[in-house]
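Structure first, commentary second.
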Amino acid sequence: MTAQATSPSLSNQPNLNEVLLSWTSSSHPFKKKNKVFYQTVAALTFLFVVIVFFLHEFLLIGVGLSVAFVYYVISTVPPVEVEHRITLIGFENAGRLFRWIELYAFWFEEKWGYKTLVIQTRLPFPSQVRVVIAGEATTPRVKEILGKYMLFLEKPPKSWVDNFSNWLSQKIPLETTS
């Protein structure tokens, strides 16, 4: 027997490297903050530090200052351009491949004028993958392709943390709308 006769035909096998959709976009939605935003964050941080100082919880002061610093850095550093690809074996986001078995559901959100795709994973970390939709990737096209592999949710589930953060952002706005 020849080698061709014993091996199964490879022409019937799908190409696992086939890219169904690919696009580049910013790594996250970004909005340049104004001076009032940073003044408000600084005032709230100072108030927190003063209250905690009188409670003699000095370690908590360090934690509060660290959180304020990280929040400042995240809000000032502009996003980088990353590539996103949908393939037959999964979703690749900025070089990290999430296999279909690791992904659960997806939905779309809008933030600061950016249309974003949110993918819920079955992993403990990251529990969600957020991707900015841009270029040739349109919402109907992405929905059509991902709908073959994952569940589409019109209204995403909200946890108590989501509800609390929405309530808090409405009650204590960090910046004014202009």
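Derivation of every value follows stated rules applied to the coordinates shown; laboratory data play no part. Since we're looking at a predicted model, the values are computed, not measured. When we count neighbours, we look across all protein chains shown, and the Cβ atoms used for this are built from the backbone with ideal geometry, even at glycine.
Pairing residues of region 141-170 that are of a type in the set (D, E, K, R) with residues that are assigned to a loop (DSSP other than H, G, I, E, B), at Cβ distances under 9 Å and at least 6 apart in sequence or on separate chains, gives 162/156. When region 70-120 is filtered for residues that are β-branched (Val, Ile, Thr), closer than 18 Å to residue 162 by Cβ and surrounded by fewer than 17 Cβ atoms within 10 Å (Cβ to Cβ), only 118 remains.
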